[in-house]
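Asks: Mind looking over this structure? Questions follow.
The values are calculated or read from the model by the stated rules, or taken from the named source; none is laboratory data. The shown structure was predicted, so the numbers you read here are calculated from the model rather than taken from an experiment. FYI the Cβ positions are ideal-geometry reconstructions off the backbone, even for glycines, and counts take in every protein chain you see. Surface accessibility is based on the protein's heavy atoms, side chains included, excluding ligands, DNA and RNA. Shrake-Rupley method; radii C 1.70, N 1.55, O 1.52, S 1.80 Å.
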Amino acid sequence: MLEMIFALIVVSFAIWAMVDVAQGRMKTQQKAIWFAVVVLIPLLGPILYYFRRSNFTINQQSHESD
């Protein structure tokens, strides 16, 4: 039962990451790379994206204000 709950959390997090990548304002190449990372590295990929995501937001805001 615990394994099923863990798997559900991992899959939910991966789906969230893929949706967020698809809706993000990144270049197409960056989106493709993040999709590959999230799909090919099931647990670590979404975690990496979550922490790197704030960097994309900060970079986008700083470029827009220029």
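Asks: Could you go through region 22-42 and let me know if any residue there is assigned to a loop (DSSP other than H, G, I, E, B) and modelled with pLDDT of 90 or more. Don't jump to the end; show me each part of the working.
Replies: Of region 22-42, the ones assigned to a loop (DSSP other than H, G, I, E, B) are 24-27, 41-42.
Still in the list and also modelled with pLDDT of 90 or more: 41.
Yes, region 22-42 has at least one match.
Asks: Show the residue pairs meeting these rules: Cβ distance below 8 Å; 6+ apart or different chains; first residue within region 23-40 and without any contact (Cβ under 8 Å) to a residue 12 or more places away in the chain; second residue open to solvent by less than 70 Å² (accessible area, probe 1.4 Å) and part of a loop (DSSP other than H, G, I, E, B).
Replies: Lys31/Gly24
Asks: Now a separate question. Yes or no: Leu8 open to solvent by 60 Å² or more (accessible area, probe 1.4 Å), touching a residue at least 12 places away in the same chain (Cβ under 8 Å) and more than 10 Å from the chain's Cα centre (by Cα)?
Replies: So Leu8 fails the test.
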